[in-house]
Ligand SMILES: Cc1cc2nc3c(=O)[nH]c(=O)nc-3n(C[C@H](O)[C@H](O)[C@H](O)COP(=O)(O)OP(=O)(O)OC[C@H]3O[C@@H](n4cnc5c(N)ncnc54)[C@H](O)[C@@H]3O)c2cc1C
Ligand code: SF4
Ligand code: SF4
């Protein structure tokens, strides 16, 4: 099939692109403002393929300054968007460890001791200190709290109501079509195949869509972005070694909650010093809350689910959450390399937008506004090129899109942020100081630290627990967990003093129950597995099996002969396994032993 423009993924980046483009494709009298090259006489033919079952499934609750969004919708009234609220209050909170089970450096232990000793002089209550001041670069004044799922559905409806572009959910793109270094379109995923991709009953090979321009907005773990990175390489010195796994709940707060819509809380310090937390309040007593487990958390215990529960139980948060009820649950990874992870943004026949193009601001943790704005910049550039009938070559896209992007606030702020997180490579305290330095000096001063791939930094359980748990005991626990077919982290955390979670069946529940109640995960039959263990022999030798410990959906479990087993029906497509695998593959030290390919299904809730 032929189109003029084909887009991969419908996230905030392509939403920004399609919003800006769709408004300008038809004249007020209904005639085409821009004529299609593939369907003469008709308006430009623009298609967008999204792999999730519907628009806005599986993204996240966010707070955003919304500069790009407000530019696109100058009369935007938050009341028009379900679950949206203007930001009313922002707090940054340091959580002291009330249990004594987290791994804290001596500096943090000393800081905690001082806080407890001089608690009367500090705003120290509920085992936490609300920072009396936070740097202005973190403020979201004038911004919005959004459910990205709800927002994306709202935008999708606006875009489609113009009648000028088509969005196809439930339609994963399996690969970019490349000819002589030029992207000439995309191929959709095969249907009617078994788990290994072998054709079966009702086999339908993925359709080829040829287009003059392919817009790539497939996010931080997009397989098409990965394909282009493998084909064209990354610019000199760039890499994507920094990321975080974000896991979150959407909850109904108790009827007597004191939290007002638009409240934004950011926490650090607990359940482990490296883990950041967030809580955003939507209207009608609904809140999005969760944690980020970052790449520089040098631990084989990367279980976001268990840590999220301990975080909710912290006295500072629990006084708000006791009596709350789970509505929806989800997980997604966030690319945190920022500008340093920027790929080649344009080439013949393609342009990249959004987080997969390195747009996320790693200093402020803000990605939506940036992704949206890069999409809008590309739309302006495309319209400019179409007007003068110029083809979408690398040169013409550099002269328009790249130029706009480099001259914009997205680029200026990304440069300030570029090295702001490097300090975290050598510890949390150093990391926080480095961020503050970078933010307060506009990026002129930072603290150094070289990001390294996961396999170089994730210790084995034996190394991590040296001095705390005898090696023989770890071996014994490992054997017992293997027999039961469960991951090891529960047993090890319990051994280190983490208390059992007091399940209440409405907010605190087993991972499995959260999957059933809040995850709403689906996987239509007839598609191949999208998580692949590339070299099974590496898995056989792998001591940490971190893919099992961290899997957000319990979709990876102990398997036969030491090779994990993958269950597509539980996978939420968060991408955490792809980033976290503890083994590089032969010949490419930047790639792990897990391939994350295009796939259908995943989260089935637009509240996420
Ligand atoms: C837990 C969490 C909390 C966050 N909080 C904030 C916040 O408070 N503020 C903020 O500004 N940002 C936040 N972010 C970051 C923000 O969500 C991202 O920066 C933003 O969503 C990036 O937009 P995008 O369009 O580039 O990519 P994405 O949102 O990742 O969208 C990419 C889309 O492409 C689709 N796709 C991928 N592969 C294919 C394929 N092969 N075929 C078809 N479709 C495909 C995906 O399903 C997805 O819908 C958060 C992220 C997480 C994970
Ligand atoms: S996928 Fe990676 S982490 Fe998992 S067992 Fe294999 S090598 Fe180890
Ligand atoms: S298997 Fe699926 S749910 Fe599990 S970590 Fe990988 S992408 Fe996430």
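Worth a mention:
- Its DSSP H runs of at least 4 residues, each contributing -39,500 (n - 2.57), put the calculated 222 nm mean residue ellipticity of the chain at -7500 deg cm²/dmol, to the nearest 500.
- Principal-axis tilt of helix 471-484 within the chain, Cα atoms, nearest 10 degrees: 60
- Column: log10 I(q)/I(0), Debye, Cα scatterers of the stretch 7-75, q = 0.13, 0.17 Å⁻¹: -0.51, -0.79
- Between residue 532 and residue 429, the distance separating the two model label sites (each 7 Å from Cα on the Cα→Cβ line) works out to 4.7 nm.
- Exposure proxy ranking, count of Cβ atoms within 10 Å, fewest first, for 2, 422: 2, 422
- Within the chain, DSSP assigns beta bridges of which about 75% are antiparallel (rounded to the nearest 5).
- What the Cα atoms of the stretch 201-264 give is an Rg and a Dmax of 21.1, 56 Å.
- Length gained when the stretch residue 463-residue 196 is fully extended (0.36 nm per residue, less Cα-Cα span): 92.5 nm
- Principal axis extents of the Cα atoms in the stretch 374-459, from largest to smallest and rounded to whole angstrom, are 54, 33, 17.
- Convex hull volume of the C-alpha atoms in the stretch 507-608, normalised per residue: 115 Å³.
- Sorted fewest first by neighbouring Cβ atoms within 10 angstrom, 296, 409, 133 come out as 133, 409, 296.
- Contour minus Cα-Cα distance for residue 501 and residue 387 (0.36 nm per residue): 34.9 nm
- For the stretch 403-476: relative contact order, % (alpha-carbon pairs under 8 angstrom, 6 or more apart): 23
- Efficiency of FRET from Cβ geometry, residue 407 and residue 33, R₀ 25 Å, rounded to 0.05: 0.45
- When the convex hull of its Cα atoms is viewed from all sides, the stretch 190-306 shows a mean projected area of 13.6 nm².
- With one equal scatterer per alpha carbon and no solvent term, the Debye-computed log10 I(q)/I(0) for the stretch 38-138 at 0.10, 0.11, 0.15, 0.17 1/Å reads -0.60, -0.68, -0.92, -1.00.
- Kirkwood-type radius of the stretch 404-512, with distances r between different C-alpha atoms, in Å: 17.9
- Label positions at residue 77 and residue 158, each projected 7 Å from the Cα along the C-beta direction, are separated by 1.4 nm.
- Modelled label positions at residue 208 and residue 236, each set 7 Å beyond Cα in the direction of Cβ, lie 3.6 nm from each other.
- At 0.890 mPa s and 25 °C, Stokes D of the stretch 290-347 from Kirkwood alpha-carbon radius, µm² per second: 170
- Mean Cα-pair separation over length for the stretch 185-230, i.e. relative contact order, pairs under 8 Å, 6 or more apart, %: 34
- Of every Cα-Cα pair in the stretch 103-245, the percent that sits beyond 23 Å: 66
- Diffusion coefficient of the chain by Stokes-Einstein, Kirkwood radius over Cα pairs, 10 °C, 1.306 mPa s: 64 µm²/s.
- Of the Cα atoms belonging to the stretch 217-367, the radius of gyration and Dmax stand at 17.9, 57 Å.
- When Rg and Dmax are taken over the Cα atoms of the stretch 319-414, they come to 17.3, 61 Å.
- The ranking of 600, 141 by Cβ neighbour count inside 10 Å, starting from the fewest, reads 141, 600.
Bear in mind that the values in this text are calculations on the coordinates, not laboratory data. Since we're looking at a predicted model, the values are computed, not measured. Every residue, glycine among them, receives a Cβ derived from its backbone with ideal geometry; neighbour counts consider all protein chains shown.
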